[in-house]
Every structure is written in structure tokens, then in C-alpha cells.
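The values are calculated or read from the model by the stated rules, or taken from the named source; none is laboratory data. The structure displayed is predicted, hence computed values, not measured ones. Note: ideal-geometry Cβ built from the backbone for every residue, glycine included; neighbour counts use all protein chains shown. Note: accessible area is taken over every heavy atom of the protein model, side chains too, but ligands, DNA and RNA are not part of it. Shrake-Rupley method; radii C 1.70, N 1.55, O 1.52, S 1.80 Å.
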Amino acid sequence: MISVDNLAVEFSGHTLFSDVSFTINSNDKIALMGKNGAGKSTMMKIIAGVQNPTKGHVRFPKDAVIAYLPQHLLTEDNATVFDEASKAFSHVFEMRQEMDDLNKQLETRTDYESDDYMKLIERVSDLGEKYYALEEVNYDAEVEKALKGLGFKQEDFTRLTSEFSGGWRMRIELAKILLQKPDLILLDEPTNHIDIESVIWLEDFLLNKADAVVVISHDKAFIDNITNRTIEVTMGRIYDYKANYSHYLQLREDRRAHQIKAYEEQQKFIADNMAFIERFKGTYSKTNQVNSRERMLEKLEIIEVDDIDTSALKLRFPKTQRSGDYPVTVKDVSKSYGDHVVFKDASMSIARGEKVCFVGRNGEGKSTMIKAILGEIDVEGECALGHNVQVGYFAQNQAALLDESLTVFQTVDEVAQGDVRKQIKNILGRFMFKGDAIDKKVSVLSGGEKTRLAMVKLLLEPVNLLILDEPTNHLDLKSKDVLKEALLDFDGTLILVSHDRDFLQGLSNKVFEFKDQRVIEHFETIDDFLVRNRIESLKAIDL
């Protein structure tokens with residue numbers, strides 16, 4: 001059991017949270033929820049031991065292993081993928097190496113009666129007891145299972161980690177964490193850079209192989225599937241529910257309804273007493289009652305209603321001209337990089353108004369096909385955009401294309417047209433740009449902030465073919481809801497690449513699966529595809 005006792009964090013006089021206490025028990029799978037800025041990541045860092053609280057402490061049993069995966073990794077190394085993942089067992093290898101070194105010393109030394117020799121024997125004995133008590137494990141096989149489960153291929157094992165993108169390097173860190181079999185796993189947005197099959201594998205691992213888990217995530221399906229408890233951080237305190245995320249939302253609404261009722265009753269009580277005080281102030285016969293009520297009101301603890309964003313903001317893509325019958329046509333298209341074949345003889349036709357999903361493991365060619373459709377890369381075969389097509393494209397690196405000399409507000413104002421210009425502040429607020437943040441220069445924004453701003457900009461541009469490549473990374477649940485509603489109402493053609501299953505649900509009626517150098521067309525909804533594919537994926541990937 002891990003105990004969090006009376007935690008408080010203050011920044012420049014501002015209290016982020018105070019008097020926070022809870023325990024983490026074996027098999028707890030906890031979703032740490034709350035608005036952006038509520039203190040979730042800070043609390044996780046404190047539990048991980050990488051940040052100190054202003055007050056309070058975290059207690060855990062001796063020898064407890066706590067593993068932490070932060071949202072942003074800053075690792076730099078030149079090991080192979082396999083060697084880097086094997087570092088999860090570095091303590092075992094170090095123990096074995098030390099035993100070998102000490103035994104070699106014992107073979108050569110002759111000072112059998114000395115204190116140093118006796119200390120050497122004691123150290124060998126202690127190490128041996130710990131080492132031989134370890135469960136017998138085929139470490140290479142465990143590393144291989146974890147890496148394959150997270151999407152790596154056998155040929156990737158000998159490649160240097162420096163050859164991989166940040167998302168793939170994050171998977172290596174995740175593999176190291178999972179291989180340690182820690183008592184507590186702390187995960188901050190673990191699904192941001194992994195594909196659907198890897199998310200399914202991770203869910204299965206956390207549910208069936210991990211002990212205690214605390215996770216921060218904006219992926220609703222992921223946290224619903226793995227958690228049995230939700231801790232909400234709000235207004236400087238926490239609420240602890242023995243429920244998954246969807247059930248927690250219902251319980252939170254009940255809680256807030258009770259708060260509102262109690263608040264309204266208290267306000268009426270205050271008003272009645274204030275009216276009495278005003279009426280009888282200066283009346284000699286009522287002096288004691290007036291004074292008593294004034295003192296009572298001074299001591300009264302005002303009921304607070306939790307701050308929940310209930311504002312309704314509905315965005316619609318601006319109207320534009322109608323495209324031809326088939327905005328996208330792909331015929332016998334192949335793409336290779338050197339000896340590496342991405343896909344070959346791929347064909348597809350996407351009709352006007354269709355909403356389709358591209359799915360498949362990272363590296364199977366989804367983003368490559370999008371670039372081929374847009375004419376950004378050379379391919380064998382034919383790729384054509386239809387008559388009168390106006391493309392809106394959100395790439396994974398879309399943030400890099402923003403004009404850094406503009407402010408947040410100017411970036412959006414530049415593309416907004418008509419009545420929507422009156423809503424720019426509200427729209428930016430829903431995507432977490434509030435107050436002075438709208439006057440920030442794009443150049444000072446974080447990567448996540450730039451991504452959100454690029455999404456807002458795209459929502460306001462008139463297009464009839466929309467191509468979105470992982471659009472929900474760095475979006476909170478509210479922002480994703482706004483985007484999804486806009487896409488459901490979008491009457492143009494949509495091509496969507498995403499690993500977020502909750503976001504995908506209901507958004508497409510055709511699926512193109514990228515797998516084994518092929519593009520396979522499935523005439524089914526993404527919901528049906530995922531249900532069928534989940535079973536197949538878990539059969540194929542065993543850990």
C-alpha cells in the first residue's frame with residue numbers, strides 16, 4: 001500500500017492543491033482526472049519522487065518499485081532498441097556482474113584471515129542470496145515479447161534508438177517500465193503516440209499483468225477499459241470514486257446537483273439573515289439577535305460549487321463548393337524507400353461525402369498514402385484528386401507550419417469569416433486558450449499548444465475534403481468533443497487516421513486497413529472493425 005498524506009503545492013502564493021490524502025492499494029487501476037492546470041501531472045510527479053510538494057509526503061514500502069512514464073521524454077542515447085529495453089533488468093545484470101567480479105577476487109586473494117576478506121565473503125553471500133531468490137526468467141524472451149507487443153518488428157531490435165521518432169522512443173521507455181514489473185506504474189498520456197493495436201496490447205497488459213496503476217489520459221475508451229477507480233483533482237482538492245470514468249461522470253453530476261442545492265439553500269439562509277440584520281439594526285430590543293446573526297454569518301463556511309465547464313459551443317465547417325463525385329482515386333499505387341516496401345498495388349476510391357478511416361500499425365503506410373494522395377511524394381501508379389476539391393489537411397507536424405510572428409488570436413482571426421469572428425474568444429477558450437493566452441505569440445507556445453491552435457485554424461477554413469492525421473493528440477476531452485461534433489456535421493469527404501477509439505466511434509462507414517504491404521478495404525463501420533480486430537490482435541500478440 002502506498003500512502004499519499006496531506007500533500008500541498010503552492011506556486012508564488014497560488015495554491016494548486018492542499019491537504020490531499022489517499023492510498024493506492026494493490027490492483028488499483030486509477031484514472032487521475034481534472035481540467036488542464038488542475039495539478040494532475042504535478043501530483044503524479046510527486047508520487048514518482050521527481051518533484052517535491054510544498055507540504056506533505058508520500059510513503060511506500062521498502063523495496064517498492066515505482067515506475068513513471070512522463071508525457072514528454074528527453075532521452076538521448078545510442079544503444080540498440082533491444083539493448084535499451086534490456087536496461088529494465090540492469091539491476092539483475094549489475095548484480096550478476098558484481099558477483100562474478102567478487103568471485104574472481106576470492107580466487108586470487110590469499111589473506112584469508114583479514115577483515116577485508118571476511119567482508120568480501122559476506123558481500124558475496126548477501127548478493128548470492130538475493131540473486132538466486134529471483135524468479136528464473138528468460139530475459140531476452142521477455143524483452144522480445146514486450147517490444148513486439150508495442151509494435152516493434154524483429155528487424156528493429158538491432159537498430160539504434162536514435163533512428164526512431166519520439167513516439168517510438170516513448171514505446172521503448174514504456175517497454176522498460178512494463179518489464180520491471182513494478183508495484184506501481186505511473187503513466188502520463190501513454191496512448192498519445194501509439195497505434196490502436198499497441199493500445200489494445202497495453203490495455204491487456206495493465207489489466208492482467210500489472211499491479212497498481214495510476215494513469216492520466218484524454219483517451220476515454222482507454223481509461224474506461226482499464227480503470228476501476230477515478231480520482232478527480234478540482235479546485236485544490238480531490239474527490240475519490242470507486243468507479244471507472246463513465247460511471248464517475250454520472251456520480252460527479254449527482255455530486256454537483258447536491259452542491260448546487262446546498263449552495264442555493266445556504267444563499268437563501270444568508271439573504272434571510274441579512275434582511276433581518278438590515279431591518280432591525282439599531283433596534284434596541286433586537287440588538288443581541290442582530291449581533292448573534294452577524295457573528296454567525298462571519299463564521300459561516302460558504303459552500304462552493306465545483307467549477308465544471310458546461311458551456312455549449314458548436315462549430316460547423318464553413319460552407320464551400322460541392323466537389324466531384326469521387327474526390328479521391330488511387331489506382332495500383334506502390335511506394336518503396338530503397339529495399340523497404342511500404343505498400344504495393346494499392347487501390348481505393350472515396351466517394352463524395354464518405355467518411356473513411358485509415359488504420360494499421362505505425363509504419364505500415366497510412367501517412368505515406370496521405371502524402372501520395374496530396375502529391376507530396378512520388379509513387380508508382382495513379383493518385384488523383386477529383387473535380388473542384390478543396391483540401392483541408394491536418395498533419396502530425398501541422399504545428400510547425402504556423403506563422404510564429406502572429407499571436408494566437410491573430411492566427412485564428414486571419415481565417416475566420418462572417419459571424420464566427422464574434423466567437424473567436426469562445427472557440428479559443430474551448431481549446432484551452434483563455435485570458436491572456438490569446439495574446440501570446442505563436443513562437444512561445446509549447447508543441448501541444450501549437451497543435452491545438454493549428455486544429456482551431458483548420459476548423460474555420462472552408463474545405464470539402466478533410467484529411468486528419470492523428471488530430472486528437474494534445475486535445476483534452478472537451479476539445480475532442482467539439483471536434484467530433486464538427487466532423488459528424490461535416491457534409492464533405494473525410495479521411496481520418498487516429499488511434500483514439502472513442503473519438504473514432506460513429507465517424508466512419510468504411511475502413512482501409514494498412515497491413516503487410518497491402519491496403520485492404522473493409523465495408524464496415526470503424527466500430528465493427530475494432531470489435532473484430534481486438535479479438536484477432538490479442539490472439540496475435542501474447543505476453
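Using the basic label-point model (7 angstrom from Cα toward the beta carbon), what is the K181 to D325 distance in nanometres?
For the pair K181/D325, the computed spacing is 6.2 nm.
Could you give each residue of region 113-124 its phi-based ³J(HN,Hα) in whole Hz, using Karplus coefficients 6.51, -1.76, 1.60 with θ = phi - 60°, and x for Gly or Pro?
Rounded to whole hertz, the list is 8, 6, 5, 4, 5, 5, 5, 5, 5, 4, 5, 4.
Measure of size requested: the Rg and Dmax of region 188-306, with Cα atoms as the atom set and Å as the unit; please supply both.
Using the Cα atoms of region 188-306, the pair Rg, Dmax is 24.2, 79 Å.
Could you please state how large a percent of the accessible area of the chain is carbon and sulfur, counting protein chains only and using a 1.4 Å probe?
Numbers: 12900 of 27560 Å².
Carbon and sulfur together cover 47 percent of it.
Within region 224-264, list the residues whose amide N lies under 14 Å from a label point set 7 Å along Cα→Cβ of E301.
237-238
Taking square-rooted eigenvalues a ≥ b ≥ c of the alpha carbon gyration tensor, is region 314-405 rounded, prolate or oblate, where a/c under 1.5 means rounded and, failing that, a/b exceeding b/c means prolate? Display every interim value, and only then the final one.
Numbers: a/c = 1.97, a/b = 1.27, b/c = 1.56.
Cα axes put region 314-405 in the oblate bin.
At a Förster radius of 25 Å, what calculated FRET efficiency corresponds to the Cβ-Cβ distance of S162 and V341, to the nearest 0.05? Present the calculation step by step, with values, prior to reporting the outcome.
Working: r = 24 Å, r/R0 = 0.96.
The pair S162/V341 has a calculated efficiency of 0.55.
List the relative contact order of the chain as a percent without decimals, with contacts defined as Cα pairs under 8 Å and 6+ residues apart. Before the final figure, lay out the partial values.
Details: 887 pairs, mean separation 83.8, N = 543.
Computed over the chain, the figure is 15 percent.
Averaging sequence separations of C-alpha pairs under 8 Å and six or more residues apart, then dividing by the length of region 403-458, give the relative contact order as a whole percent. Show your work: numbers first, answer last.
Values: 46 pairs, mean separation 27.9, N = 56.
The value is 50 percent.
What residues have an amide H closer than 5 Å to that of Y68, excluding those fewer than 5 places away on the same chain, when H is modeled at 1.01 Å from N in the peptide plane?
Placed amide hydrogens put L186 under 5 Å from Y68.
If you keep only loop residues by DSSP, which trypsin sites (Lys or Arg not before Pro) in region 227-294 have at most 13 other Cβ atoms within 10 Å of their Cβ? Write out the running numbers ahead of the final one.
Numbers: sites: R229, R237, K242, R252, R255, R256, K261, K268, R279, K281, K286, R293; in loops: K242, K281.
Listed in order of number, the matching sites are K242, K281.
Identify the chymotrypsin sites (Phe, Trp or Tyr not before Pro) of region 460-532 meeting these criteria: DSSP loop state and at most 10 other C-beta atoms within 10 Å of the C-beta. Kindly include the intermediate steps, with their values, before the conclusion.
Numbers: sites: F490, F503, F512, F514, F523, F529; in loops: F490, F523.
In loop regions of region 460-532 (DSSP not H, G, I, E or B), the sparsely surrounded chymotrypsin sites (Phe, Trp or Tyr not before Pro) are F523.
Please give the length that would be gained between M235 and T80 if that part of the chain were fully extended, namely 0.36 nm times their separation in residues minus their C-alpha to C-alpha distance (nm, one decimal). Write down the numbers at each step before the final one.
Details: separation 155, 0.36 × 155 = 55.80 nm, distance 4.50 nm.
Separation in residues times 0.36 nm, less the Cα-Cα distance, equals 51.3 nm.
Using the heavy atoms of the protein chains and a 1.4 angstrom probe, tell me the accessible area per residue for the chain in square angstrom. Please list the in-between numbers first.
Working: 27560 Å² over 543 residues.
Here the residues of the chain average 51 Å² of exposed surface.
Name the shape class, rounded, prolate or oblate, that the alpha-carbon gyration tensor gives for the chain, where a ≥ b ≥ c are the square roots of its eigenvalues, rounded holds for a/c under 1.5, and otherwise prolate holds if a/b is larger than b/c and oblate otherwise.
Details: a/c = 2.30, a/b = 1.06, b/c = 2.17.
Verdict is oblate for the chain.
Tell me, which longest segment in the chain has none of the GluC sites (Glu not before Pro) that fall in DSSP loops with at most 10 further Cβ atoms within 10 Å?
302-543
Could you give the length gained by full extension between A275 and S26, i.e. 0.36 nm per residue of separation minus their alpha carbon distance, to one decimal place? Please list the in-between numbers first.
Working: separation 249, 0.36 × 249 = 89.64 nm, distance 5.47 nm.
Full extension of this stretch gives 84.2 nm more.
With θ set to phi - 60° and the Karplus curve 6.51 cos²θ - 1.76 cosθ + 1.60, what are the ³J(HN,Hα) couplings of region 514-529 in order, to the nearest whole Hz, using x for Gly and Pro?
9, 7, 6, 6, 10, 10, 10, 8, 10, 8, 8, 6, 4, 4, 5, 4
Can you work out the Karplus-derived ³J(HN,Hα) for every residue in region 281-287? Use 6.51 cos²θ - 1.76 cosθ + 1.60 with θ = phi - 60°, whole Hz, and x for glycine or proline.
Each residue of region 281-287 in turn: 4, x, 8, 4, 5, 10, 4 Hz.
Which trypsin sites (Lys or Arg not before Pro) in region 145-182 sit in a loop by DSSP (not H, G, I, E or B) and have at most 12 other Cβ atoms within 10 Å of their own Cβ? Don't jump to the answer; show the numbers that get you there.
Details: sites: K145, K148, K153, R159, R169, R171, K176; in loops: K153, R159.
Filter output for region 145-182: K153.
Given the C-alpha centroids of region 486-515 and region 188-259, what is the distance between them in whole angstrom?
Each part's Cα centre sits 24 Å from the other's.
Suppose each label sits 7 Å from its Cα in the direction of the beta carbon; what would the Q105-L127 distance come out to in nanometres?
0.8
At 0.36 nm per residue, and after removing the present C-alpha to C-alpha distance, how many nm does the segment from E113 to T407 gain when stretched out fully? Intermediate results must be reported in sequence, preceding the final value.
Values: separation 294, 0.36 × 294 = 105.84 nm, distance 7.69 nm.
That works out to 98.1 nm of additional length.
For region 403-518, what's the relative contact order in percent, using C-alpha pairs closer than 8 Å and at least 6 residues apart?
Values: 103 pairs, mean separation 28.8, N = 116.
Across region 403-518, relative contact order equals 25 percent.
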